[in-house]
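What follows is one structure encoded as structure tokens, with my remarks underneath.
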Amino acid sequence: MLNTIRIVLLNTSHPGNIGSVARAMKTMGLTQLYLVAPKQFPHPKAMEMAANARDVLTNAIVVSELEQAIADCHLVIGTSARSRTIPWPMLSPRQCAEKVVQESAAGHVAILFGQEQSGLTNEALHSCHFHVQIPSHPEYSSLNLAAAVQVITYELYNAETVENETTSMEWDYPLATVRELEGFYQHLQQVLVELDFLNPKVPRQLMTRLRRLFNRTRLDVMEINILRGIVGAIEIKRVKNEN
């Protein structure tokens, strides 16, 4: 199931790091590399650092926006080394690998890695169902990008090997993709503003908390349709009452 798992790098600044990530991926059997707005790519240094994993670089998909890399994924996990104002469901690397391997049988899964100096933005992290944090010594907790990818991909390979045979999730409808979730969030936000429940000038992190709530529940396609139907019915009722 490793061929449905994407490693997504956001705004990587040094091309050598991209090459090192490709090498880390290939040693653990992963090949799906997505690059979101890299500073320099393609680049000879990336090829040099990739060594015998140049095919991973050659087949890498380069996009300008994160949404293009994850829109069709039903599970997105972001790497994070920082505590957040609003806590998000957090996994260890091993828990992350077990969940990813289990759900990769149902479709595309993405693991996000941020820019070398600053990591993932809050906006990117809010697009994730879960966050994963790699434990490290408190006196020096900084891992370089390729090392972080190597830790996560090792756990993925180990989880896939231990499982031997991954059983597909038995569910009556497929899990919602990021594109479907984003459509629901935009619809919900629009109606909440119309109802004066959400003040766009002073949002008070309402939508962030709602994203966390719904991401945590792992909505399927039918559930998304039901929720959008409810929101749409509220919208129609409000218009009728105004008229």
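Just to be sure before I move on: is ALA124 closer than 19 Å to PRO38 by Cα, assigned to a helix (DSSP H, G or I) and small (Gly, Ala, Ser) in the structure I sent? Lay out the reasoning, then the answer.
On the way: closer than 19 Å to PRO38 by Cα: yes; assigned to a helix (DSSP H, G or I): yes; small (Gly, Ala, Ser): yes.
Yes; evaluated as a whole, the condition is true for this residue.
Residues checked against (1) at pLDDT below 95; (2) among the aliphatic types (A, V, I, L, M):
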| residue | (1), (2) |
| --- | --- |
| VAL109 | no, yes |
| VAL132 | no, yes |
| SER141 | yes, no |
| ILE152 | no, yes |
| GLU163 | yes, no |
| ARG212 | no, no |
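Just for the stretch 32-70: of the residues that are in a loop (DSSP other than H, G, I, E, B) and either within 23 Å of SER127 (Cα to Cα) or modelled with pLDDT under 95 (or both), which one is farthest from the chain's Cα centre (by Cα)?
Residue satisfying both the conditions and the ranking: LYS39.
If you take the residues of the stretch 12-48 that are among the β-branched types (Val, Ile, Thr) and touching a Leu at 6+ places or on another chain (Cβ under 9 Å), which of them is surrounded by the fewest Cβ atoms within 10 Å (Cβ to Cβ)? Before the answer, list the steps.
Narrowing the stretch 12-48 to residues among the β-branched types (Val, Ile, Thr): 12, 18, 21, 27, 31, 36.
Okay, now just the ones that are also touching a Leu at 6+ places or on another chain (Cβ under 9 Å), so 12, 18, 21, 31, 36.
Details: THR12: 23, ILE18: 29, VAL21: 32, THR31: 17, VAL36: 24.
Residue satisfying both the conditions and the ranking: THR31.
For the condition hydrophobic (A, V, I, L, M, F, W, C) and over 23 Å from PHE184 (Cβ atoms), what is the one hit in ALA81, ALA124, ALA106, ALA71?
On the way: ALA124 fails: over 23 Å from PHE184 (Cβ atoms); ALA106 fails: over 23 Å from PHE184 (Cβ atoms); ALA71 fails: over 23 Å from PHE184 (Cβ atoms).
Checking each option against the conditions leaves just ALA81.
The values are calculated or read from the model by the stated rules, or taken from the named source; none is laboratory data. Only a predicted model underlies this, so the values are computations on that prediction, with no experimental measurement involved. Cβ atoms come from the backbone with ideal geometry, glycine included; neighbour counts cover every protein chain shown.
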